[in-house]
Amino acid sequence: MTKLNELSPSPGSTKNRMRVGRGPGSGKGKTGGRGVKGQKARSGVAIAGFEGGQMPLHMRMPKRGFNNPFAKKFAEVNLWRLEQAIAAGKLDAKKAIDVEVLIAAGVVRRAKDGVRLLGKGEIKTKIEITVYSASAAAKAAVEKAGGKVNLTGPVAAEAAE
């Protein structure tokens, strides 16, 4: 039985930390394993993409595409997700469903610029849902199940005129 004061790690399982820059006797004195002079011998080296003054590769490559800063970002909801929430009792199919109800039920996390209804999966329950926009397939599927899709986006405004 070993005593508490005799406990020690297995031989060879631990190593002492290398102390660099502590004199020539350490074997890692003077330059501390960094070679000599220059930027890389110092702390805070920042030359990852630098090519000695030549135009770096990432700047030589052509630019492509365009990111529209005004594009609307939608929270997307598929039909199967609605059906799943209704089956789990998180959504009441008898009441009108809108953005606030979807957020409260945990179907979407946040509204972003609006909710877009997409047609993946199938819906068997009759629902009345109000969203910013919906795909043609999603609208058809909801209406086939006996429900109604109300749109609040610009497409709805055009249809009303």
| query | Within the stretch 95-115, restricting attention to residues that are touching a Leu at 6+ places or on another chain (Cβ under 9 Å) and assigned to a loop (DSSP other than H, G, I, E, B), which residue is farthest from residue 71 (Cα to Cα)? | reply | 107
| query | Does any residue in the stretch 1-17 that is among the polar types (S, T, N, Q) come within less than 7 Å, Cβ to Cβ, of a residue that is modelled with pLDDT of 95 or more and assigned to a helix (DSSP H, G or I) six or more places away or on a different chain, and which pairs are these? | reply | none
| Residues of the stretch 135-150 that turn out to be assigned to a helix (DSSP H, G or I), surrounded by 16 or more Cβ atoms within 10 Å (Cβ to Cβ) and not basic (Lys, Arg), as a count | 3
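The values are calculated or read from the model by the stated rules, or taken from the named source; none is laboratory data. Since the structure is predicted, the reported quantities are computational estimates derived from the model, not experimental observations. Heads up, the Cβs are rebuilt from the backbone with ideal geometry, glycines too, and the neighbour counts pull from every protein chain shown.
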